[in-house]
Amino acid sequence: MSSSLMVSSSAGASIGVAVPVSAADIVLTGDRPTGRLHLGHYAGSLQTRLALQGRCAQTVLVADLQALTDNAGRPAHVAAHVREVVSDYLAVGLDPAQTTIAVQSRLPALAELTVLYLNLVSVARLERNPTVGAEIEMRAFARDIPAGFLTYPVSQAADITGFRATIVPVGEDQLPMVELSNEIVRRVNRLAGDAALPESRAMLSPVPRLPGVDGRKASKSLGNAISLSATPDEVRRSVMAMYTDPGHARVSDPGRVEGNVVFAYLDAFDPAAGEVAELKRAYARGGLGDVTLKRRLIGVLEALLEPIRARRAALGATPGLIDDVIAAGTAAARSRTEAALATVREAFALDR
Ligand code: TRP
């Protein structure tokens, strides 16, 4: 049985997403713990996870091993962000009773699956991964690409199959990972002689990638993203500095909506889509000022972020809560990943 679903954010914004999920589906997503989560994560994936929560089995993996593939020089930074990311999950409303929250490095079955899968993938195939290629360029690894970095998509295939995931909600950049995972699944199944592992399908976020406040790609290193834990003052300053339309010098001038960061954020977070459409028309005609729009956006973001801040503050009142959530989620995940590993070991004739 599959059904359609409306995603509702805590701000009340409603984005209509037709998500065909059945109670039998298994959902897996992950984040690299390299920084606090920001509004781009909220629009792109947290909202989808909230909508899926309770509808089928769902695991969220804090992918610290994957983070180390390009952060080997700063392990303490990665380690510290495991707890921060889990705090962000709870603050936005992920409920550990309904969504399993687990830490990748504490699931040794995933590492063993990776080692087995490495035999099923050629180096040339890994080098053709467009997302990895773009990341290599961005990080200027040149010829010093860590072997772990080139092979992280294989470890991600271990994540996906280790949970026997059938749905992987991700951004477009992650499509090559799901594709590779399915190639590996087919090879394992050929070895096993039956459908030992399920293939998974990517579920694309309904919201286009949110730009950074300067109009460039939102990134932690560029410092152009608005963190979910930003203070009201930080939110106000970020919005006031947002890139709009440099040609819109006077309020009476016609303005450009395309490429205008304020409208990108209103589209993602303003619950009143009809009003936003009207504002776009007024802006394009001329006569609507940037400051008026920015004030509206500040209000919209505060309505979203205030409850998140409050929940995060409440978490702080229970010492050990985050560690307990991680321990319980990881324990549940351990037996699941060990079962998947047993299946794959069998396909490789290891326990005969
Ligand atoms: N590569 C993903 C990212 O950078 C994170 C991730 C790790 C992931 N393991 C995963 C996503 C498994 C989906 C499924 O955002």
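Residue check: residue 251 meets all listed conditions (1) more than 30 Å from residue 184 (Cβ to Cβ); (2) modelled with pLDDT under 95; (3) open to solvent by less than 60 Å² (accessible area, probe 1.4 Å); (4) aliphatic (A, V, I, L, M) but one, namely (3). If you check 229, 252 for being out of contact with any helix residue (DSSP H, G or I) (no Cβ under 7 Å at 6 or more places or on another chain) and not acidic (Asp, Glu), only one passes: 252. Does residue 203 satisfy being surrounded by fewer than 17 Cβ atoms within 10 Å (Cβ to Cβ) and either closer than 26 Å to residue 227 by Cβ or outside the structural domain of residue 83 (by TED's automatic domain parsing) (or both)? It is false that residue 203 is surrounded by fewer than 17 Cβ atoms within 10 Å (Cβ to Cβ) and either closer than 26 Å to residue 227 by Cβ or outside the structural domain of residue 83 (by TED's automatic domain parsing) (or both). A Cβ distance below 6 Å, combined with a sequence gap of six or more or placement on separate chains, defines the contacts here; from segment 28-39, residues that are more than 15 Å from residue 158 (Cα to Cα) reach residues that are in a strand (DSSP E or B) in the pairs 33/62; 36/227; 38/227.
Being farther than 22 Å from residue 132 by Cα and within 14 Å of the ligand (Cβ to nearest atom) is a property that residue 164 has. Could you please find all residues in segment 92-133 being without any contact (Cβ under 8 Å) to a residue 40 or more places away in the chain, in a helix (DSSP H, G or I), small (Gly, Ala, Ser) and open to solvent by 50 Å² or more (accessible area, probe 1.4 Å)? The answer is 124, and nothing else. Does residue 275 fit the bill of being in a loop (DSSP other than H, G, I, E, B), out of contact with any His (no Cβ under 8 Å at 6 or more places or on another chain) and surrounded by fewer than 16 Cβ atoms within 10 Å (Cβ to Cβ)? Spelling it out, it is not the case that residue 275 is in a loop (DSSP other than H, G, I, E, B), out of contact with any His (no Cβ under 8 Å at 6 or more places or on another chain) and surrounded by fewer than 16 Cβ atoms within 10 Å (Cβ to Cβ).
Look at residue 193 and say whether it is at pLDDT 95 or above, out of contact with any Asp or Glu (no Cβ under 9 Å at 6 or more places or on another chain) and not β-branched (Val, Ile, Thr). It is true that residue 193 is at pLDDT 95 or above, out of contact with any Asp or Glu (no Cβ under 9 Å at 6 or more places or on another chain) and not β-branched (Val, Ile, Thr).
For residue 59, the criteria (1) more than 14 Å from residue 325 (Cβ to Cβ); (2) modelled with pLDDT of 95 or more; (3) within 11 Å of the ligand (Cβ to nearest atom) hold in every case but one, which is (1). Number of residues in segment 58-76 that are outside any loop (DSSP other than H, G, I, E, B) and either open to solvent by less than 10 Å² (accessible area, probe 1.4 Å) or in contact with a helix residue (DSSP H, G or I) (Cβ under 9 Å, 6 or more places away or on another chain) (or both) equals 11. Just one of the listed residues (262, 257) is open to solvent by less than 70 Å² (accessible area, probe 1.4 Å), among the β-branched types (Val, Ile, Thr) and part of a helix (DSSP H, G or I), namely 262. Selection of segment 143-156 for residues being touching a Phe, Trp or Tyr at 6+ places or on another chain (Cβ under 9 Å) and near the ligand (Cβ under 9 Å from one of its atoms) yields only 155. Applying the condition of being open to solvent by less than 30 Å² (accessible area, probe 1.4 Å) and assigned to a strand (DSSP E or B) to segment 24-52 and asking which residue is farthest from residue 165 (Cα to Cα) yields 38. If you take the residues of segment 167-191 that are assigned to a helix (DSSP H, G or I) and near the ligand (Cβ under 9 Å from one of its atoms), which of them is farthest from residue 104 (Cα to Cα)? Ranking the qualifying residues of segment 167-191, first place goes to 173.
The residue list 233, 194, 214 contains one member that is among the charged types (D, E, K, R) and either touching a residue at least 60 places away in the same chain (Cβ under 8 Å) or open to solvent by less than 60 Å² (accessible area, probe 1.4 Å) (or both), which is 214. Determine if segment 152-162 includes at least one residue that is surrounded by fewer than 21 Cβ atoms within 10 Å (Cβ to Cβ) and more than 15 Å from the chain's Cα centre (by Cα). Among the residues of segment 152-162, not one is surrounded by fewer than 21 Cβ atoms within 10 Å (Cβ to Cβ) and more than 15 Å from the chain's Cα centre (by Cα), which makes the answer no. All of (1) away from the ligand (no atom under 16 Å from the Cβ); (2) touching a residue at least 40 places away in the same chain (Cβ under 8 Å) hold for residue 75 with one exception: (2). When the residues of segment 1-23 are filtered to those that are at pLDDT below 75, among the hydrophobic types (A, V, I, L, M, F, W, C) and open to solvent by 40 Å² or more (accessible area, probe 1.4 Å), which remaining residue is farthest from residue 166 (Cα to Cα)? Taking the candidates together, the pick is 6.
The values are calculated or read from the model by the stated rules, or taken from the named source; none is laboratory data. Every value quoted in this text rests on a predicted model; they were computed, and no experiment measured them. Ideal geometry is used to build each Cβ from the backbone, glycine not excepted, and the neighbour counts take in all protein chains shown. The accessibility values were calculated without ligands, DNA or RNA, using every heavy atom of the protein model including side chains. Shrake-Rupley method; radii C 1.70, N 1.55, O 1.52, S 1.80 Å.
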